[in-house]
């Protein structure tokens, strides 16, 4: 399975598939499979990309 999280870059907007209540977050960094995202309702969260596939948000 290809790691689609590898395509995420700083500034991109994403949602967490298991935590829609966190809102749409902005990728801060993506280094070595660890993605730091700033979510409006959860603050900065580090995501292990081998365990969670973040969903890009292409909306407004």
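Any read-out appearing in this document is the output of simple, stated calculations on the displayed coordinates, not a laboratory observation. Nothing here was measured: the structure is a model prediction, and the numbers come from that model.
In the set (1) 29, 18, 8; (2) 32, 19, 9; (3) 16, 12, 11, which value of semi-axes √(5λ) of the Cα gyration tensor in Å was calculated from the structure you see?
(3)
Can you give the relative contact order of the chain as a percent, counting alpha carbon pairs under 8 Å and 6+ residues apart? Intermediate results must be reported in sequence, preceding the final value.
Numbers: 115 pairs, mean separation 20.7, N = 60.
Relative contact order, the chain: 35 percent.
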